[in-house]
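Enquirer: Structure in structure tokens, see below.
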Amino acid sequence: MSELKEYEDKMKRSLDFLAQQFATVRAGRANAGVLDQIQVDYYSSPTPIQQVASVSSPDPRTLMIQPWDGSILRDIERAILASELGINPQNDGKVIRLVFPQLTEERRKELAKQVRKYGEESKVAVRNIRRDAMDKFKKQQKNSEITEDDYKGLEKDLQKLTDDYIKKVDEMTDKKEKELFEL
């Protein structure tokens, strides 16, 4: 099973990446994860918002961004407007507030479609990892580094591992979709 460890780690990283993608999909309530992909031009260097400001959630529908350096307030506002977040920041000169409106049914369906797309991309990544592993094992068997029985055992174990990770992707996708349609 140690031969599969490297591939299991890769599959786990695929799940971690999927979780990061899901965090950027807003589900009607304020979640600082939606800001993860937004970069602010800070001293001519693209920097994540969380590295130049504190982000808090005073209530379930609001995010408050308070920069440590007041001079970048406008830059943060511009970065949010330029992103695909779809929320207009409210700047009062000290902090920026992002008020998350209730999602419309149409927007929920769009986001659910995006969530399913992310899930499908993650499944493809897991299957590609399986294919790479199988190619390696075939080559090892062809070069007589492993026996036919070892190869068959690895193939079976790898398929079970792949099925487990595909199931986890489906569970994560279903959970995120349910979250989107909660009122």
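Enquirer: Can you find a residue that is open to solvent by less than 40 Å² (accessible area, probe 1.4 Å), of a type in the set (A, V, I, L, M, F, W, C), under 23 Å from the mean Cα position of the chain (by Cα) and under 26 Å from GLU120 (Cα atoms) anywhere in region 1-9?
Expert: no
Matching residues to (1) modelled with pLDDT of 90 or more; (2) under 23 Å from the mean Cα position of the chain (by Cα); (3) more than 16 Å from PHE181 (Cβ to Cβ):
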site: LEU81; (1), (2), (3): no, yes, yes
site: PHE100; (1), (2), (3): no, yes, no
site: LEU111; (1), (2), (3): no, yes, no
site: LYS117; (1), (2), (3): yes, yes, yes
site: GLU120; (1), (2), (3): yes, yes, yes
site: ALA125; (1), (2), (3): yes, yes, yes
site: ILE146; (1), (2), (3): no, no, yes
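Enquirer: Moving to a separate point now. Please find, within region 44-68, the residue that is least open to solvent (accessible area, probe 1.4 Å) out of those that are assigned to a loop (DSSP other than H, G, I, E, B) and modelled with pLDDT of 85 or more.
Expert: Only one residue tops the list, namely VAL52.
Enquirer: From the residues in region 103-120 that are in a helix (DSSP H, G or I) and without any contact (Cβ under 8 Å) to a residue 24 or more places away in the chain, which one is farthest from LEU85 (Cα to Cα)?
Expert: GLU120
Enquirer: Moving to a separate point now. Restricting attention to region 69-102, which residues are of a type outside the set (A, V, I, L, M), in a loop (DSSP other than H, G, I, E, B) and at negative phi?
Expert: Answer for region 69-102, where residues must be of a type outside the set (A, V, I, L, M), in a loop (DSSP other than H, G, I, E, B) and at negative phi: ASP69, SER83, GLU84, ASN88, PRO89, ASP92, LYS94, PHE100, PRO101, GLN102.
Enquirer: Is it the case that region 160-171 has a residue that's free of Cβ contacts under 8 Å to residues at least 40 places away in the same chain and touching a helix residue (DSSP H, G or I) at 6+ places or on another chain (Cβ under 8 Å)?
Expert: No, because not a single residue in region 160-171 is free of Cβ contacts under 8 Å to residues at least 40 places away in the same chain and touching a helix residue (DSSP H, G or I) at 6+ places or on another chain (Cβ under 8 Å).
Enquirer: Restricted to region 137-149, and to residues that are open to solvent by less than 80 Å² (accessible area, probe 1.4 Å) and part of a helix (DSSP H, G or I), which residue is nearest to ASP163 (Cα to Cα)?
Expert: PHE137
Enquirer: For region 14-31, give me each residue that is modelled with pLDDT under 80 and open to solvent by less than 40 Å² (accessible area, probe 1.4 Å).
Expert: Passing the criteria: ALA23, THR24, VAL25, ARG26, ALA27, GLY28, ALA30.
The values are calculated or read from the model by the stated rules, or taken from the named source; none is laboratory data. Worth saying up front: this structure is predicted, and the values here are computed from it rather than measured. Heads up, the Cβs are rebuilt from the backbone with ideal geometry, glycines too, and the neighbour counts pull from every protein chain shown. Quick note on the areas: whole protein, heavy atoms, side chains included, nothing else; ligands and nucleic acids left out. Shrake-Rupley method; radii C 1.70, N 1.55, O 1.52, S 1.80 Å.
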